[in-house]
Structure formats: C-alpha cells, structure tokens
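Enquirer: Take a look at the following structure, please.
The values are calculated or read from the model by the stated rules, or taken from the named source; none is laboratory data. Only a predicted model underlies this, so the values are computations on that prediction, with no experimental measurement involved. Cβ atoms come from the backbone with ideal geometry, glycine included; neighbour counts cover every protein chain shown.
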Amino acid sequence: MADVVVTGIGAVTPLGVGAETLLREWVAGNDGIRGGEAPCADFDPRTVMTAKEARRADRFTQLAVGAAEEAIAQARLEDLDGTRVGCIVGTGIGGIETLENAHTTLGAQGPDRVPPLSIPLMMSNAAPAAIAMRHDVRGPVFGVVSACAAGAHAIGAAARTIRCGDADVVITGGAEASLTPLARAAFAALDATSPTGESRPFDARRNGFVMGEGAGVLVLEDRAHAEARGAQILGVVSGYGATADAYHLTSPRADGSGAAQAIGAALADAMRGPDEVDYVNAHGTSTPQNDRAETNAIQMALGDRAAKIPVSSTKSAIGHLLGAAGAVEAIATLLALRERVAPPTLGWEVRDEGMDLDYVPGAARPLAVTGDRAAVGISNSFGFGGHNAVLVLEGTP
C-alpha cells in the first residue's frame, strides 16, 4: 500500500495569503476576525487569474485557485503525466454568492437577465474543475460536499485514491466563500453564530462561531513517486477515519461517540496508538454543544493520554471556514508538527465544568517531542449532518 506524502501546500485565509503566513500569524497570537467575521481581505484573485477568468469564477473557486497555485508551485508538478494526477476539493456550500446574485437579478429584471454562467459558477465541483483545466489534470477529478467536514473528507479521499493506485499525485483541499447576506442570516437564524462576534473555542463563555472564508490546498503524492522525482517531502498523511453520528442535522451526539469512533479509525489506519500522538488540532467551533462533544470524543478515543496532549483550535484565529476548515487546519497542523509547536487557542480564559483538556491558553509553546522522530498530530473535522472526518498527520523528522 502506498505511503502518502505531502509535497506542496497553499492557503488563503483571514490571516493572509500563504500557508507559512497562516502558522506564523497564529503562533504570534494574531487573529483575522474583523467586525464579527473573518474575510480574506488580503486576497486579490487577479494575482492568480486574469480579470476575465476571475469574472467567470465564483469567489470560492477564486480562493481555491489561489491556494492551489501556491501548492502546485511548491510541489513542482510541471511535466507530469496528467492522466496520473487527480484533483479532489471539498466545499460545504459552493458558489452561494453567484446563487444569491442570480436570484436577485431574476427577481429584479426577469429570467432573460440571469447570467448564462450562473450554473457553472455556483456548482460545488467548480473549484476542482477549474484547477484541473488550468493544469491539465486528467485523473480522478471531483468535488466533496459534507458541510464542515468536506475539506478533511477530500484529503482522505485523495489519500485513498493514491493508495489504491488510481493516481500518483492528487491536488486536494477545501474552499468556501459564504460571507453573503443569505448565509449570514441563515446561520444566525440557527443560533449557530456568535452574537458578539467572538471566537473563543472551549471557553465557558463561548456563544457560537464566527463566519470566515478561505481555502487550503495540499499536493499529496505516492512516496516512491515523490522520491523518484526529487520532490521535497513536507509531511505524511498516515491515517484517515470517517463516520456519521446519524443523530441530528445540526447537533452532534452529546457523548461524542461518533467523533471518537472516527478518531479511533484514523489512528488504526495510521497504525498509531494514543501514546504516539503529540498534538490535536481540534474542530473547536466555539459553539456550546460542539466543543463539549468534541472534548468528550477526545477523552473517549485517547483515554488517559488525552489530558497530556495539547489541543488547540485554529478557528480561534480565523473563524470557521466551513467546507474549507478541514483543509486549512490540516495545513496548520502539518506546519505546527514541522516546527514542533502547539499554537494557542486564542480567547480561552475561563474553564467550563467537565472540559479539562489542555487547550493551550495564552500563548504557543513547544511540543514535547524528543529526539529526531517525526511529530504526530490529529486534525478533527465535524460537519452538519453528523459527518465526522479525522486525519492523522506526521511532520518531517
């Protein structure tokens, strides 16, 4: 079975453009939340697309392309056989900005004025299709839609595509751009978003998530293929577990059993035990139910080891990127493992009863990794619909 390695990473997030920017700013204790939400204010699609191409792509596709260009350049994918390269990108909602604008035009001006590219722009598979066309990717190309677990599911599907021998390289990740009037109103109507605009995962005062946008893209590759062409190996996707709560459309099982099962499955896939885990990047949405259920899941899956592992949430710095979250957080995890650092859960100050994990309050600190072995981390992603996706990632020795 193929060993799946990472040879390229790219990110566009509320902390700035670039994967390295994501970790650097988070470790420094900075956040990208402005006015109660987290936009990618520094991203201009015209840096990676012509003005015409940008007009023919919804913002979620623009963000995906931006992240993909960075990852593909780092991986040096030129001159590869396109039939052996795939592209799998997840999203929770897809082109909702295009959908809302087209509906407004329909109501105000009638059906004859609806833009003819509305469907191609809003479809959830538009991002992987756009990346594939830009880079002659002719292997398995498709989208994954599983709410906030989509980015992690896409990475897991990509790893298994390589393991099964269907591709040597897969460009994968997640993208989302839902800072739109309808999305804001709909999430608020669910009482899912923070009325105070604060993201403070696991803190007793948490009151909902902060909406964000962004994209994360990784280049995954068969290790033998990567070594044969002299590619730099940035980390390893060693395990993937996916389960469903089969319980409620928006709420997790309170005991965290479904998520715990996914963590256990990912560790088994990686052939790792709880004692080998050095860091957990939590889903950590800053919602009352989800953070408690995830704490229960980590305790259930990791047992006595759970209390000894630093657990932090990227969403404390960038808000919730929905379908892009799992991919962006996987990138943050890989970089943290490389640097052997546990980034902080920003805003965590007040412990909630029964939630007694080490949430890395205050400031980043070194991981307790001895010798020259690779650090091992878990990246959790859970989505509306009861979707659970967990990745086990390893840094470079």
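Enquirer: Taking the residues in the stretch 302-319 that are touching a Gly at 6+ places or on another chain (Cβ under 6 Å) and of a type outside the set (D, E, K, R) as candidates, determine which candidate is nearest to Arg340 (Cα to Cα).
Expert: Among residues in the stretch 302-319 that are touching a Gly at 6+ places or on another chain (Cβ under 6 Å) and of a type outside the set (D, E, K, R), the one nearest to Arg340 (Cα to Cα) is Ser313.
Enquirer: With the condition kept exactly as written, say whether any residue in the stretch 313-325 is over 17 Å from the mean Cα position of the chain (by Cα) and crowded, with 24+ Cβ neighbours inside 10 Å.
Expert: Initial filter on the stretch 313-325 (over 17 Å from the mean Cα position of the chain (by Cα)): none.
No, the stretch 313-325 has no match at all.
Enquirer: Given the residues Arg134, Arg163, which is the only one that is in contact (Cβ under 8 Å) with a residue 12 or more places away in the chain, within 21 Å of Phe60 (Cα to Cα) and either surrounded by fewer than 20 Cβ atoms within 10 Å (Cβ to Cβ) or in contact with a His (Cβ under 6 Å, 6 or more places away or on another chain) (or both)? Give the derivation first.
Expert: Details: Arg163 fails: within 21 Å of Phe60 (Cα to Cα).
Only one candidate qualifies: Arg134.
Enquirer: If you don't mind, there's one more thing I want to ask. Please enumerate the residues belonging to the stretch 246-289 that are touching a strand residue (DSSP E or B) at 6+ places or on another chain (Cβ under 7 Å) and closer than 15 Å to Ala147 by Cβ.
Expert: Pro252, Gly258, Ala259, Ala262, His283, Thr285, Thr287
Enquirer: Also: Go through the stretch 359-397 and report how many residues are surrounded by fewer than 15 Cβ atoms within 10 Å (Cβ to Cβ) and hydrophobic (A, V, I, L, M, F, W, C).
Expert: 2
Enquirer: Looking at (1) under 28 Å from Ser178 (Cα atoms); (2) surrounded by 24 or more Cβ atoms within 10 Å (Cβ to Cβ); (3) not aliphatic (A, V, I, L, M), which one does Asn207 not meet, given that it meets all the others?
Expert: (2)
Enquirer: Please name all residue pairs, on different chains or six or more residues apart, with Cβ atoms under 9 Å, provided the first residue is in the stretch 375-397 and is at pLDDT below 95 and the second residue is among the β-branched types (Val, Ile, Thr) and assigned to a strand (DSSP E or B).
Expert: Short answer, once both residue conditions are applied: Thr396/Val236.
Enquirer: Let me ask something additional. Any residue in the stretch 353-372 that's over 13 Å from Val341 (Cα atoms): show its pairings with residues that are at pLDDT below 95 and surrounded by fewer than 12 Cβ atoms within 10 Å (Cβ to Cβ) at Cβ separation under 8 Å, as long as the two are six or more apart or on different chains.
Expert: Asp372/Pro397
Enquirer: Then there's this: Failed condition for Leu335, given (1) over 12 Å from Trp26 (Cα atoms); (2) not in a loop (DSSP other than H, G, I, E, B), with all others met?
Expert: Every listed condition holds for Leu335 apart from (1).
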